[in-house]
Amino acid sequence: MNLLDWFSVLNNLFFIYACMLFAVYLFNAVMSVLELRKYTKKNKFVDYKSILSFEKLPSVSIIAPAFNEEKTIIENIKCLLNIQYQNFEIIIVNDGSKDNTLQTIVNYFNLVKVNRAFESHLTSQPIKAIYQSRNSAFNHLIVIDKENGGKADALNAGINVSQNQLFLAIDVDCIIEPDALLKMVKPFMDDNKHEVIASGGVIRIANSCEITNGRITQVHYPKNLWAKFQVIEYFRAFTLGRMAWSNLNGLLIISGAFGLFSREKVLKIGGYDKNSVGEDLELVVRLRRYMHEVEKKKYRVAFIPDPLCWTEVPENFKVLKRQRNRWTRGAIDTILKHRRMFFNPKYGLIGMLSFPNWVLFEWLAPIIEFIGLIYFLLLLYFGLVNMHVFLTLTLFVLTFSMMYSIFAVFFEAFTYHKYKGINYLAQTIGLILMEMFIYQPLNMIFSLNGHLDFYFRKNKKSWGEMNRKGFSKKTNENNNN
Amino acid sequence: MIALNKHLKIWSIRLFFLSQIIIVGFGSYFYKHPQVNLGSITIVNPYYAQIATHSKDIPDWLYTVDYFTFIFVLSFGIILFMTIYYNTNKNIKEKNDKKSIEIYIRNIFTFLYPIEEYSESQIQQQLKDLKKIALTNHQRELLINTLRKIHSQTTGKVREKTDYLMGELKYGGFIKAYLHSPYFNDKLFALKVIADFQIPGFEKHILILTKKRNEVLHSEAIITLLKLKIYDSLLFLVDLKMRLTVWDINVIIKIVQELKIVNIDYQTLINSEIPEISTLGIMLARLNNRIDFKSEIQNKIGNSNDLVNEEACIAFSYFSGNENDYDFVIEKFELATEKAQFQFINKIASINNKEKAIKFLDWVIENQSFTQKVQALIFLLDLDIIGMNKYKESNNPLIRQSYYQVIDINI
């Protein structure tokens with residue numbers, strides 16, 4: 001074969017990869033529509049408040065690790081205390097904060113050190129003290145003070161101290177809808193064909209939203225450009241991607257910001273992996289692996305398409321870069337650790353479809369994209385680019401991407417309709433066109449950077465700082481008004 | 001007529017989508033052929049000449065890419081239009097619905113809380129007015145839903161008036177049409193209305209729905225039959241084709257308690273071979289304090305199904321009251337689920353035979369799980385505060401920790 005033949009083979013490979021990727025996206029769109037239909041049918045008329053008077057209801061521990069959160073921690077805990085449920089406890093894990101996080105909580109909630117016993121099923125950094133309030137209004141609040149060990153370590157400490165059947169792992173700075181737990185618990189009670197081992201929910205972007213007393217009172221489209229791009233990205237990821245995989249019972253990730261798990265199952269697999277920066281993905285993959293290898297029962301990881309949790313996303317280039325870099329390192333770490341699942345029929349649909357999808361279209365995508373760019377420049381240098389073919393294919397890719405994004409926007413409007421008005425729609429269309437040239441290439445670069453960090457640099461386990469603006473400022477403003 | 005229209009609507013939507021698929025499929029074949037022969041009919045492609053000129057220098061695959069690009073652009077346009085339409089329409093619809101509901105509430109409240117005494121003819125006129133402002137199916141749905149909400153939030157005479165109002169609106173035909181509608185949401189709506197206003201006459205059809213494989217319809221039909229209070233024995237549950245979920249069990253119990261259903265056939269339910277039905281029977285017997293079924297419940301302890309075993313243990317410990325029962329509970333302790341074991345500890349700790357209780361609690365502290373140790377120590381604190389001090393220096397660190405927790409938090 002001469003060089004031109006090799007080029008031709010490469011051309012075909014790139015084209016086939018792109019078509020496969022599009023086929024997966026189309027498949028996602030169809031599956032998510034079916035899943036949403038199923039979910040709406042089942043839950044449209046459900047009175048979730050009735051759960052509060054149920055006889056047989058699983059008990060829940062809400063575990064929220066906190067690190068240097070002194071500015072917002074009180075508002076965040078107040079928000080958690082407002083959650084509607086019958087039998088729950090809130091465990092705040094102060095993960096060796098360097099600021100006054102612990103003292104702020106202790107003072108505000110009138111906490112005292114208690115001798116609360118617990119079994120160390122999972123390894124974690126030493127717990128220095130456990131606090132509970134003498135004020136009965138906060139009697140289901142427990143605060144653990146421990147040495148710094150990272151998010152996974154803090155969650156493991158929280159799981160050790162918790163005593164309930166389920167635990168909800170959340171980011172302490174998230175805003176949870178009051179009925180979120182009621183909705184998340186339902187799948188654990190309404191499926192008698194599968195054992196439900198975990199459930200996840202949709203995360204929405206809270207930047208620019210109005211927040212009063214730890215509640216979203218008015219949803220606004222973010223003002224910051226980076227946050228706007230992420231709104232569309234989250235639509236695609238949650239509304240289309242995760243719902244589609246949920247329909248097939250092939251969901252591999254439950255967001256670390258908001259996920260409900262069976263404590264018993266998580267204890268059996270040894271809790272969160274402290275060495276992983278993608279601990280949320282890793283936990284679900286390991287849980288699934290355990291269910292296939294050990295328990296061999298019919299099981300399900302459920303997903304709730306209702307917007308139940310609101311989070312602040314990065315508003316600047318640096319923080320966004322760090323976040324994406326970490327996500328990539330987490331994904332690579334998990335994929336490598338569980339590589340034996342790849343196209344392994346022993347793991348059923350997970351091994352044959354979900355896991356390969358992660359490998360081929362999440363892990364490899366930025367690399368292939370980058371190689372494609374280099375290859376194109378090479379062809380251009382050698383004068384081997386057929387401009388007609390190039391433009392046709394570019395247009396093909398761009399139009400598909402636009403169609404997929406607008407479908408995600410339509411889907412949101414059709415289902416939850418949180419963003420309203422022509423202004424929002426006009427902005428969104430502009431962003432859909434822009435993101436292909438700005439946001440997506442940047443994401444590719446961030447992701448490649450994550451690859452490089454993972455393979456060649458030392459900071460493969462580092463989280464990096466996530467500087468949040470915090471919601472409390474707005475809250476205080478609202479309170480003063 | 002409403003049901004027929006609904007059937008026609010659903011079929012026309014299906015036909016529309018089918019026709020779109022056929023058009024795209026046919027179009028992708030047709031665009032590169034000069035003509036297509038369908039039997040005796042020949043369809044000529046008027047754009048063939050232009051397409052052929054345009055495509056003669058490019059390979060087939062690239063032309064297919066072109067074709068798909070066109071489809072994507074078209075789809076983008078259509079979805080965008082739908083998004084704008086839906087967004088705008090939803091906003092307008094929300095506003096209109098809000099306005100309509102306000103009017104309905106005003107009218108309903110005039111009827112429910114009259115300022116003056118109305119004559120029969122005036123009442124009839126009010127009813128006529130109410131019917132006049134709800135002409136379309138959607139408006140009727142809104143009106144009925146508003147009435148349902150008021151019905152659920154009121155009691156006594158006002159609630160009776162909402163029942164009367166619902167009857168006088170004479171929406172029987174409308175509800176029947178919805179119950180037979182091919183749309184799932186319509187069926188659910190009808191079931192909700194029938195259940196809330198306890199409208200008779202649909203029992204047979206609802207009983208058929210309980211045997212449907214659709215889990216939501218199945219559950220809703222069960223709730224409706226329960227609320228209609230015509231199958232008080234609950235025996236219809238034994239004949240269901242689908243198994244109940246824990247959710248269903250909770251909902252059924254809630255309704256039974258709210259409506260104070262008393263003629264339940266506990267015997268058959270408890271002894272049912274279906275674990276969920278048996279669980280339901282046991283739970284209902286416990287909640288309704290039917291101690292006469294204690295021996296049936298006792299037989300279910302150790303059942304291979306966790307749900308049945310757990311509820312049987314809880315119910316039995318609730319009913320137990322003599323030495324034999326306590327001995328039985330102690331004997332079966334290890335067979336029980338964790339939740340039931342807690343119940344056992346609670347029960348034994350509160351018996352009159354203090355010596356037996358302390359002996360049992362000591363055994364739990366030495367041999368059972370950490371959370372049970374803590375629970376047993378809490379009881380021991382009341383029964384034998386001096387005796388429990390021996391755990392202060394226990395060799396087992398978990399017992400020591402539990403001891404200090406109990407001393408610290410519970411004193």
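The values are calculated or read from the model by the stated rules, or taken from the named source; none is laboratory data. All values reported here derive from a predicted model rather than from experimental measurement. Neighbour counts are summed over all protein chains in view; Cβ atoms, including those assigned to glycine, are modelled from backbone coordinates with ideal geometry.
Scanning segment B:388-408 for residues that are part of a helix (DSSP H, G or I) and surrounded by fewer than 13 Cβ atoms within 10 Å (Cβ to Cβ), we see that the one that is nearest to the other protein chains (Cβ to nearest Cβ) is B:397. Report the residue count in segment A:237-254 for those that are surrounded by fewer than 22 Cβ atoms within 10 Å (Cβ to Cβ) and either under 20 Å from residue A:421 (Cα atoms) or not aliphatic (A, V, I, L, M) (or both). Looking only at that region, the number is 3.
Return the residue satisfying two criteria in turn: it lies in segment B:155-212 and is among the acidic types (Asp, Glu) and away from chain A (no Cβ under 14 Å), and of such residues it is nearest to residue B:227 (Cα to Cα). Across segment B:155-212, the extreme among qualifying residues is B:203.
Residues in segment B:353-369 that are within 14 Å of another protein chain (Cβ to nearest Cβ) and crowded, with 17+ Cβ neighbours inside 10 Å: B:365, B:368.
Of the residues contained in segment B:24-47, one or more are found to be more than 10 Å from chain A (Cβ to nearest Cβ), within 50 Å of the chain's Cα centre (by Cα) and surrounded by 15 or more Cβ atoms within 10 Å (Cβ to Cβ). Listed here are the helices (runs of 4 or more DSSP H) enclosed by segment B:272-346 that have at least 1 residues being closer than 25 Å to residue B:240 by Cα and of a type in the set (Val, Ile, Thr): B:275-287, B:294-300, B:306-319. Within segment A:59-72, the residues that satisfy the criterion of being within 21 Å of the chain's Cα centre (by Cα) and either over 15 Å from residue A:169 (Cβ atoms) or among the hydrophobic types (A, V, I, L, M, F, W, C) (or both) are A:60, A:62, A:63, A:64, A:66, A:67, A:69. Comparison of B:268, B:224 shows that the only residue that is of a type in the set (Val, Ile, Thr), crowded, with 19+ Cβ neighbours inside 10 Å and more than 9 Å from chain A (Cβ to nearest Cβ) is B:224. If the condition is being over 25 Å from residue B:281 (Cα atoms) and assigned to a loop (DSSP other than H, G, I, E, B), then segment B:184-235 contributes B:199, B:200, B:201, B:202.
The residue that is surrounded by the fewest Cβ atoms within 10 Å (Cβ to Cβ), among those in segment B:151-183 that are among the charged types (D, E, K, R) and in a helix (DSSP H, G or I), is B:157.
The residues on offer are A:419, A:424, and the sole one that is at pLDDT below 90, of a type in the set (Phe, Trp, Tyr) and not in a helix (DSSP H, G or I) is A:419. Using beta carbons and a limit of 8 Å, which pairs, at least six apart or on different chains, have the first residue in segment A:364-386 and surrounded by 12 or more Cβ atoms within 10 Å (Cβ to Cβ) and in a helix (DSSP H, G or I) and the second one at pLDDT 90 or above and of a type in the set (Val, Ile, Thr)? Note: pairs meeting the criteria are A:366/A:328.
Residue by residue, here is whether (1) in contact with a helix residue (DSSP H, G or I) (Cβ under 6 Å, 6 or more places away or on another chain); (2) surrounded by 15 or more Cβ atoms within 10 Å (Cβ to Cβ); (3) of a type in the set (D, E, K, R); (4) farther than 30 Å from residue A:406 by Cβ holds:
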site	(1), (2), (3), (4)
B:73	yes, yes, no, no
B:101	yes, yes, no, yes
B:106	no, no, yes, yes
B:111	yes, yes, no, yes
B:114	no, no, no, yes
B:118	no, no, no, yes
B:125	no, no, no, yes
B:143	yes, yes, no, yes
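Within segment A:304-316, being of a type outside the set (Val, Ile, Thr), assigned to a strand (DSSP E or B) and over 14 Å from residue A:185 (Cβ atoms) holds for A:305, A:307, A:309, A:310. The lone criterion from (1) more than 12 Å from the chain's Cα centre (by Cα); (2) over 25 Å from residue A:451 (Cα atoms); (3) at pLDDT 95 or above left unmet by residue A:259 is number (1).
Within segment B:231-247, residues that are within 14 Å of chain A (Cβ to nearest Cβ) and in contact (Cβ under 8 Å) with a residue 60 or more places away in the chain reach partners that are charged (D, E, K, R) and part of a loop (DSSP other than H, G, I, E, B) with beta carbons closer than 7 Å, at six or more positions or on different chains, in the pairs B:246/A:56. Could you check residue B:348 against (1) in contact with a Phe, Trp or Tyr (Cβ under 9 Å, 6 or more places away or on another chain); (2) under 28 Å from residue A:160 (Cα atoms); (3) among the aliphatic types (A, V, I, L, M) and say which number it fails? Every listed condition holds for residue B:348 apart from (2). Filtering segment A:40-68 to residues that are in contact with a strand residue (DSSP E or B) (Cβ under 6 Å, 6 or more places away or on another chain), in a loop (DSSP other than H, G, I, E, B) and away from every other protein chain (no Cβ under 13 Å) leaves only A:67.
Any residue at all in segment B:49-61 that's within 28 Å of residue A:394 (Cβ to Cβ), aliphatic (A, V, I, L, M) and surrounded by 15 or more Cβ atoms within 10 Å (Cβ to Cβ)? There is at least one residue in segment B:49-61 that is within 28 Å of residue A:394 (Cβ to Cβ), aliphatic (A, V, I, L, M) and surrounded by 15 or more Cβ atoms within 10 Å (Cβ to Cβ).
Against the definition (under 43 Å from the mean Cα position of the chain (by Cα), of a type in the set (Ser, Thr, Tyr) and within 12 Å of chain A (Cβ to nearest Cβ)), how does residue B:350 come out, yes or no?
For residue B:350, the condition - under 43 Å from the mean Cα position of the chain (by Cα), of a type in the set (Ser, Thr, Tyr) and within 12 Å of chain A (Cβ to nearest Cβ) - is not met.
In segment A:127-173, what count of residues is obtained for those that are assigned to a helix (DSSP H, G or I) and of a type outside the set (D, E, K, R)?
The total comes to 12.
All of (1) surrounded by 16 or more Cβ atoms within 10 Å (Cβ to Cβ); (2) within 12 Å of chain A (Cβ to nearest Cβ); (3) over 24 Å from residue A:115 (Cα atoms) hold for residue B:333 with one exception: (2). Does any residue of segment B:169-176 turn out to be more than 24 Å from residue B:112 (Cβ to Cβ) and more than 24 Å from the chain's Cα centre (by Cα)? Within segment B:169-176, one or more residues are more than 24 Å from residue B:112 (Cβ to Cβ) and more than 24 Å from the chain's Cα centre (by Cα).
In the set (1) surrounded by 13 or more Cβ atoms within 10 Å (Cβ to Cβ); (2) under 30 Å from residue A:12 (Cβ atoms); (3) without any contact (Cβ under 8 Å) to a residue 12 or more places away in the chain; (4) within 14 Å of chain A (Cβ to nearest Cβ), residue B:67 fails one condition alone, (3).
So that you can scan it fast, the table gives a plain yes or no per residue for (1) outside any helix (DSSP H, G or I); (2) within 10 Å of chain B (Cβ to nearest Cβ); (3) crowded, with 18+ Cβ neighbours inside 10 Å:
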residue	(1), (2), (3)
A:399	no, yes, yes
A:409	no, yes, yes
A:414	no, yes, no
A:440	no, no, no
A:443	no, no, yes
A:448	no, no, no
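Taken residue by residue, segment B:51-63 has no member that is within 14 Å of another protein chain (Cβ to nearest Cβ), modelled with pLDDT of 90 or more and farther than 30 Å from residue B:146 by Cβ.
Scanning segment A:240-295 for residues that are of a type in the set (Ser, Thr, Tyr) and closer than 21 Å to residue A:64 by Cα yields A:255, A:262, A:272, A:276.
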